[in-house]
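Every number in this text was worked out from the coordinates using simple rules, so none of it is lab data. Note that this is a predicted model, so its numbers are computed, not measured. Glycine gets a Cβ as well: all are built from the backbone with ideal geometry, and neighbour counts include every protein chain shown.
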Amino acid sequence: MKARHKRFLLIGAAVTLLAGATGLVLNAFRDNLVFFHTPSEVAAGEVPKGRTFRIGGMVVHGSVARADDGQTVRFALTDTARVVPVVYKGALPDLFKETKGAVAQGRLGDDGVFVATEVLAKHDENYMPPEAQDAIDRAHRTALSVQD
Amino acid sequence: MNFFRFSSPQTFYPLAGRLVPLFAALAAACAVAGLYIGFFVAPSDAVQGEVYRIIHLHVAAAWMSMFIYLVMAFWSAVGLGLGTRLSFYMTQALAPTGAMFCFIALWTGALWGRPTWGAYWVWDARLTSQLLLLFLYFGFIALTRAIDDPRRADKAGAIIALVGAVNVPIIYFSVTWWNTLHQGASVKPGGSSMASVMLWAMLLCALAAWFYSLAVSLARARRIILERERHTEWAAAEIARRGAGGRAD
């Protein structure tokens, strides 16, 4: 084996080992690397107790209700398996909508209601013009009416 | 043709000189076409309205910042393995451009994040690993400039480039490995979830970033070659020629 082959082998081995070590570390800190917890994790009690964390999910259709003070908003987040009710006082981002993704930061109350101090809208990876979105919505409604 | 001929700085220097204007022209053409289509032709987005148009800058810059780092790691491995000086020159020529694109990606992302998410910055896995990439670029540049002996600076920089390369797949796959606020990839091998006009504008901008990076890094590599090879006869002659008002070509 030539000296330069040995050097390349050494470089390859070093980078591979480093990547492996990084992978193990990231795997060990898996729970700390997630940006938000799911409503299922909340239901299973797998969320930090007594300190703030984030819940992410889809805003349940028809769940958004504004209180009379004009600031407090109640809504529910779901991962299609479990639902967590959320109460939030403050301005919502423009893209916050029912059936769209959202992330709420706050504490889980003893009554099971999540008291949020910050709400972020989560955008998906789909980019399309409004006409295309309309067509999809229409097709969706047609499909639903056929099912009925 | 023997490509290894161009691993010598003396033969690479004039080749790079001929390629720079070509890549610069291609970059300008792609940028004009991509930005025009992106900002004037492409439709607005159904959910985000007009603000989505920043992706034409954001995605091109983010891809480029990750790719340049991988190319730096590649040249570092070649340089360490074969001991070719030119490989280290290329690594150092690429670093400032990579850092610039990394900064643009973070900056445009923040400007996009405020109206869509409701926050300029969040510490999710994608954003944090991209910020780490910026610090790796800064670290590489600072380290190679801080060491006086150029040979040792080359080696130290190469090690940072190789070690830091582990971060690039973490950035790319962060949105699938962990749940993040940043959305998943719209463009994947085998398909995209974007309207085609938007996609074409974005791809043209990405091409522009490629050609720009090639042009700028080759031009920078020529400067580094002259500086580092100044003790050789040809480089000294070239420096004298340029210093005497020779055309900078």
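If you place +1 on the Cβ of every Lys and Arg and -1 on the Cβ of every Asp and Glu, how big does the dipole about the Cα centre of chain A come out, in debye to the nearest 20? Let's see the in-between values first.
Details: 18 positive and 17 negative charges, 236 e Å.
I would put it at about 1140 debye.
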- Message: Restricted to Cα positions, what overall size does chain A have along the principal axes? Three whole-Å values, descending.
- Response: 77, 45, 29
- Query: Which residue, chosen from B:T232, B:Y69, B:F4, occupies the Cα position most advanced towards the positive end of the dipole of the protein assembly as shown, where the dipole is computed from +1 (Lys, Arg) and -1 (Asp, Glu) charges on Cβ about the Cα centre?
  - Reply: B:T232
- Dipole magnitude of chain B, debye to nearest 20 (Cβ charges: Lys/Arg +1, Asp/Glu -1, about Cα centre): 480 debye
- Note on the structure: Simple spin-label estimate for A:L9/B:V41, 7 Å along Cα→Cβ, in nm, reads 5.4 nm
- Item | Positive-end residue of A:V59, A:F8, A:V87, charge dipole of region A:5-124 with Cβ unit charges | A:F8
- Item | Peptides ranked, highest mean first, by Cβ atoms within 10 Å: ranges A:81-88, A:100-107 | A:100-107, A:81-88
- Message: At 7 Å along Cα-to-Cβ for each site, give me the label-to-label distance between B:D149 and B:W234 in nm.
- Response: 2.8 nm
- Note the count of lysine pairs whose C-alpha atoms are less than 22 angstrom apart in the protein assembly as shown, limited to pairs 8 or more residues apart or on different chains. 9
- chain B: angle of helix B:167-177 to the longest principal axis, Cα-based, in degrees nearest 10: 10 degrees
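Direction-averaged shadow area of the convex hull around the Cα atoms of the protein assembly as shown, nm²? Spell out each step's value before the answer.
Details: hull surface 106.8 nm².
For the protein assembly as shown, the mean projected area of the Cα convex hull comes to 26.7 nm².
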- Task: Please give the average number of partner chain Cβ atoms lying within 10 Å of the Cβ of each residue in B:146-159, rounded to a whole number.
- Result: 0
- Quick calc, the protein assembly as shown, dipole around Cα centre from Cβ unit charges on Lys, Arg (+) and Asp, Glu (-), nearest 20 debye, gives 1860 debye
- Item | For chain B, convex hull volume per residue from C-alpha positions, Å³ | 153 Å³
- Message: Positive end of the dipole of the protein assembly as shown, charges at C-beta (+1 Lys, Arg; -1 Asp, Glu), about the Cα centre: which of B:V166, B:G190, B:V122 has its Cα farthest in that direction?
- Response: B:V166
- Note on the structure: In whole Hz, the Karplus estimates of ³J(HN,Hα) for region B:230-236 (6.51, -1.76, 1.60; θ = phi - 60°; x where Gly or Pro) are 4, 6, 7, 5, 5, 5, 4
